Every structure is written in structure tokens, then in C-alpha cells.
There are 2 protein chains.
Amino acid sequence: MPALPPASERVRLRRGVHNAVYDRHAILAILDAAPVAHVGVMTPDGLLVIPMAFGRTDEHLYLHGAVANGALRAAVDNDVCVTVTLVDGLIVARSPFHNSMRYRSVVVRGVARRVTGEEHVEALRLVVDHVVANWSTGRPPNADELRRTLVVAVPLDEVSAKVREGGPSDEPADLGGPHWAGAVPLRSTWGDPEPSPDLAPGIEPPPAVAALAGVEL
Amino acid sequence: MPALPPASERVRLRRGVHNAVYDRHAILAILDAAPVAHVGVMTPDGLLVIPMAFGRTDEHLYLHGAVANGALRAAVDNDVCVTVTLVDGLIVARSPFHNSMRYRSVVVRGVARRVTGEEHVEALRLVVDHVVANWSTGRPPNADELRRTLVVAVPLDEVSAKVREGGPSDEPADLGGPHWAGAVPLRSTWGDPEPSPDLAPGIEPPPAVAALAGVEL
């Protein structure tokens, strides 16, 4: 059983409770490892789930998009769910009934708020720097670009994680049987930077970008 | 512009329309490459997005879980959204405003239906065999296991994809400037099978499982 209680009943795990993680440090580490989140919003024509880049502070998760982005507009002042998942492998049990995945996932629930002023620019920096810090090594956004970008904040209050590691949990009666059991790891690794074909010669990638090569999620 | 129209207005892309994919063959190929989907459902305490394994025929996408699974129960006879995303890299533009990702994603919208009888067993086989075929090499499910498993089908009717490849699309005024531009590929690759520590000696992984090693998503 987890040592800590969930932050709210809405994020308490009901199934696979032994895989529940309510430790804040562990939850933030999963968010930091994931390149995208899946954002669920209620739109005028029904429920929609869209992959989005994101950033965070200790208090908020930030999402950004064009001002005309329908999913993001639908999120403002409404209850949303932001889910982040890293798949680490396939678990093959003796009985397919007990097949599973190795994964790390986080669920954030809450009401999204439109962000303005200084927090708007800072949130954009956090989204850009989430996978790798490159905000300060690029051309800064101009006023028009900032005006065309919508940023929303979701509080990191109602949040929980679920982590599945290891191998299968088969039925006792199946142990010692003729069927194979184990896992197949899935590794996601950043490669070497690929310069844009129209890049002028002699411009090297920022050190933080170059340092991504070989890093695993 | 895409050559084909979207299957419904609810899945027509409004943003990044040049990255829209409505070709059915291409959409199914993305579904087949992805190990998990993110399933959005409306639950009694609000919108929820949960990662789930899945399978498919040409007509339906199948999701499974315990009969007590709250998200799956909430899906039955209700409008859901099933989104599948593969992240293929980070695109670093000269201006962070034009940063992006390389990705392949599919959005499926529709009403989920509870599956019974022969379709129930066949759907379970499709979910189990989705990443790698191992249903027929494991111990078949018994009546009790089947009874404890809930399967829902979502029609593959309202479906579209979005695919972003290549590198950044910077502002003309930024080309020739001092900032680096390019992409960092992210590769997700299956590794060698890891036998369960309690596996009896001499049992080899099924050929399909062993063949996963080195395969990229």
C-alpha cells in the first residue's frame, strides 16, 4: 500500500492500488520525463483528447497553443484531465488475461485558467524548456507572437501516478506450466541533433540540445 | 491539402491542416504501431483520460479492462475519444514560437458499445495480439476470467490523423540568423525478452515475442 494519501478522492486509484504513487517528488519526475501530455476537454461537439506539449512549476502545469486552438479554448475555466504516460515495456504472462505493460503515468484533474501578463511569458518559457532548455538560445518571441499564443494553467493539486514495473503476476496454478512468461522492454532514446537543411554553415546546436543524444525517457 | 475528406466534421483538423491525414490505410498503420491509447470518458466526477491497451479490426477499436473498471464502465453507451500518439522527435526552431514535435497521432470519436458473446473473446484476442501475437501461445482464458473482463468497441468511423515530420518552419526573417534550427529524433525500440525469474528452465519465448527485439515503433 502507498505510504501517502491521494491529494483528492478524484485521483485515488480504484484499480491496481498497489501500483498507486501519491508521492509528489515521484509524480513530478514522471511529468519531467514525458515529452507530451494527453489533454481531455469537453468541446461543443463532445469530449476530445489531444496530445500537447507542456511545462510545469511546482504548482501548475502549463499548456499552450494558438489563440484559435479549439481544444485549448474549450479548456479555459472548465474541468480538464491531463494525462502523461511513458510506456516502458510489454509484460507477457503465462495467461494473456494477466498480460500488462510496464509504464509510468500521471493523471492531473482540475479547472484550467487562462494565463496573462508575466506569467504568460514565463509559462511559454517553461513549455519550451520542458524537454530541453532552448528558450534562451533562440530568437525571443515578439509581441505579435505572444498575442497569438494562448496559455492555460492547470493546478497540480489533484494529481496521482501509477507505476508498473517488473514482470507478470500469474495465477499460482499456471506457474511451472509450459508457457513462457516475462517482459519485453521498450526504450525511448533521443538521437543526434539533425540540422535543418537551410541552416547556415558553422552554427552548432546549443549545448543542451546536443546533450540530449543518448538520453532515455 | 489532403486528397481525401475527413470522415466527419467532428474529426476535421482545424489547425495544422497541411498535416492532416484522412487516408484510412495510413490511419490504421499509426494505430498498429502504438502500444497504448489515451481514452477520454465522462465519469460521474468529471472528465477522465486513462492510458489503455487496445486492439482493432477494420471496423472497430476495442478496449478491455476489469468489469469494475470505472473509466470503462463510464464509456459504455457514451461518447468517448480515443487518441493514439507516437512522438518521433523534437523540432527546434530558430524562434521557440515555431518549436514543434515530430509525431503521428490518431483521434477516434464515437459512442462505445459493450461487446458480448463471440465478439467478446475475439476482441480480447485482438487486444492481446495488438503489440505482438501471443494469445495462441499462452494459457487460454477460462470462463471466470472472461466473465471478469469488460470489453467495449468504438466504431472506426469518425477518425482522423495528424502527422508532423521534418524540421522547423521558421519565419523568413529568421533564416540566415545566428540561431540553430533542426530536430532531435526520438526512437522507441523494443529490447530483448526478459524471462520471468520464476520461469522453469528450457522455456523459450514464443517466436513472435523474440522477434520484437530491435523493432522500432
For this session: Search segment B:162-217 for residues being in a helix (DSSP H, G or I) and open to solvent by less than 70 Å² (accessible area, probe 1.4 Å), and hand back the single one that is farthest from A:SER136 (Cα to Cα).
Result: B:ALA208
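Of the residues A:ARG147, A:ARG109, only one is buried (at least 19 other Cβ atoms within 10 Å of the Cβ) and not polar (S, T, N, Q); which? Full working, then the answer.
Details: A:ARG147 fails: buried (at least 19 other Cβ atoms within 10 Å of the Cβ).
Of A:ARG147, A:ARG109, the one residue that is buried (at least 19 other Cβ atoms within 10 Å of the Cβ) and not polar (S, T, N, Q) is A:ARG109.
Those residues that are touching a helix residue (DSSP H, G or I) at 6+ places or on another chain (Cβ under 7 Å) and in a strand (DSSP E or B), I need them from segment B:22-45; list them, please.
If the condition is that a residue be touching a helix residue (DSSP H, G or I) at 6+ places or on another chain (Cβ under 7 Å) and in a strand (DSSP E or B), then B:VAL39, B:VAL41, B:MET42, B:THR43 are the ones that fit.
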Problem set entry | First in segment B:144-159 and touching a residue at least 60 places away in the same chain (Cβ under 8 Å), second anywhere and open to solvent by less than 10 Å² (accessible area, probe 1.4 Å) and part of a loop (DSSP other than H, G, I, E, B), Cβ under 9 Å, 6 or more apart | B:LEU150/B:VAL115; B:VAL151/B:VAL115; B:VAL152/B:VAL115; B:ALA153/B:VAL115
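So is B:PRO140 at pLDDT below 95, open to solvent by less than 30 Å² (accessible area, probe 1.4 Å) and not polar (S, T, N, Q) or not? Before the answer, list the steps.
Working: at pLDDT below 95: yes; open to solvent by less than 30 Å² (accessible area, probe 1.4 Å): no; not polar (S, T, N, Q): yes.
In short, no.
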Seminar exercise, completed: Checked against (1) of a type in the set (Gly, Ala, Ser); (2) more than 12 Å from chain B (Cβ to nearest Cβ); (3) crowded, with 19+ Cβ neighbours inside 10 Å, A:GLY65 satisfies every condition except (2)
Problem set entry | Filter result for the condition that a residue is assigned to a helix (DSSP H, G or I), touching a residue at least 40 places away in the same chain (Cβ under 8 Å) and open to solvent by less than 40 Å² (accessible area, probe 1.4 Å), over A:LEU126, A:LEU90 | A:LEU126
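Got a number for residues in segment A:40-52 being open to solvent by less than 30 Å² (accessible area, probe 1.4 Å) and either in contact with a Gly (Cβ under 9 Å, 6 or more places away or on another chain) or more than 10 Å from every other protein chain (Cβ to nearest Cβ) (or both)?
Within segment A:40-52, the subset open to solvent by less than 30 Å² (accessible area, probe 1.4 Å) is A:40-41, A:43, A:46-49, A:52.
Those still in the list that are either in contact with a Gly (Cβ under 9 Å, 6 or more places away or on another chain) or more than 10 Å from every other protein chain (Cβ to nearest Cβ) (or both) too: A:40-41, A:43, A:47-49, A:52.
Qualifying residue count, segment A:40-52: 7.
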Problem set entry | Those residues of segment A:1-40 which are of a type in the set (Gly, Ala, Ser) and within 16 Å of A:GLY55 (Cα to Cα), in sequence order | A:ALA29, A:ALA33, A:ALA34, A:ALA37
Problem set entry | Residue tally, condition open to solvent by 30 Å² or more (accessible area, probe 1.4 Å) and in contact (Cβ under 8 Å) with a residue 40 or more places away in the chain, over segment A:112-123 | 1
Problem set entry | Members of segment A:76-90 found to be among the aliphatic types (A, V, I, L, M), facing chain B (nearest Cβ under 10 Å) and out of contact with any helix residue (DSSP H, G or I) (no Cβ under 8 Å at 6 or more places or on another chain), listed by number | A:VAL80, A:VAL82, A:VAL87, A:LEU90
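Yes or no: A:VAL106 over 16 Å from A:LEU150 (Cβ atoms), among the β-branched types (Val, Ile, Thr), in contact (Cβ under 8 Å) with a residue 12 or more places away in the chain and within 13 Å of another protein chain (Cβ to nearest Cβ)? If you could, list the steps in order and put the result at the bottom.
Details: over 16 Å from A:LEU150 (Cβ atoms): yes; among the β-branched types (Val, Ile, Thr): yes; in contact (Cβ under 8 Å) with a residue 12 or more places away in the chain: yes; within 13 Å of another protein chain (Cβ to nearest Cβ): yes.
Spelling it out, A:VAL106 is indeed over 16 Å from A:LEU150 (Cβ atoms), among the β-branched types (Val, Ile, Thr), in contact (Cβ under 8 Å) with a residue 12 or more places away in the chain and within 13 Å of another protein chain (Cβ to nearest Cβ).
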Exercise. Would a scan of segment B:189-196 turn up a residue that is within 17 Å of the chain's Cα centre (by Cα), over 30 Å from B:ASP79 (Cα atoms) and hydroxyl-bearing (Ser, Thr, Tyr)?
Worked result: yes
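Confirm whether B:GLY70 is surrounded by fewer than 21 Cβ atoms within 10 Å (Cβ to Cβ), within 7 Å of chain A (Cβ to nearest Cβ) and on the phi > 0 side of the Ramachandran plot.
Details: surrounded by fewer than 21 Cβ atoms within 10 Å (Cβ to Cβ): yes; within 7 Å of chain A (Cβ to nearest Cβ): yes; on the phi > 0 side of the Ramachandran plot: no.
So B:GLY70 does not fit the description; no.
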For this session: Scan segment A:54-100 for residues that are small (Gly, Ala, Ser) and closer than 13 Å to A:LEU150 by Cβ and jot them down.
Result: A:GLY65, A:ALA66, A:ALA68, A:GLY70, A:ALA71, A:ALA74, A:ALA75
Problem set entry | Filtered residue count, segment A:191-215, keeping only those that are of a type in the set (Gly, Ala, Ser) and at the interface with chain B (Cβ under 7 Å from one of its Cβ atoms) | 3
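Considering each of B:VAL106, B:VAL121, B:VAL82 in turn, give the residue that is assigned to a helix (DSSP H, G or I) and of a type in the set (A, V, I, L, M, F, W, C). Walk me through how you get there before you give the answer.
Values: B:VAL106 fails: assigned to a helix (DSSP H, G or I); B:VAL82 fails: assigned to a helix (DSSP H, G or I).
That would be B:VAL121, the only listed residue that is assigned to a helix (DSSP H, G or I) and of a type in the set (A, V, I, L, M, F, W, C).
The values are calculated or read from the model by the stated rules, or taken from the named source; none is laboratory data. Just so you know, these numbers come straight off a predicted model, no measurement behind them. Note that we place each Cβ from the backbone using ideal geometry, even for glycine, and neighbour counts take in every protein chain shown. Remember, those area values only see protein heavy atoms, side chains included, never the ligands or the DNA or RNA. Shrake-Rupley method; radii C 1.70, N 1.55, O 1.52, S 1.80 Å.
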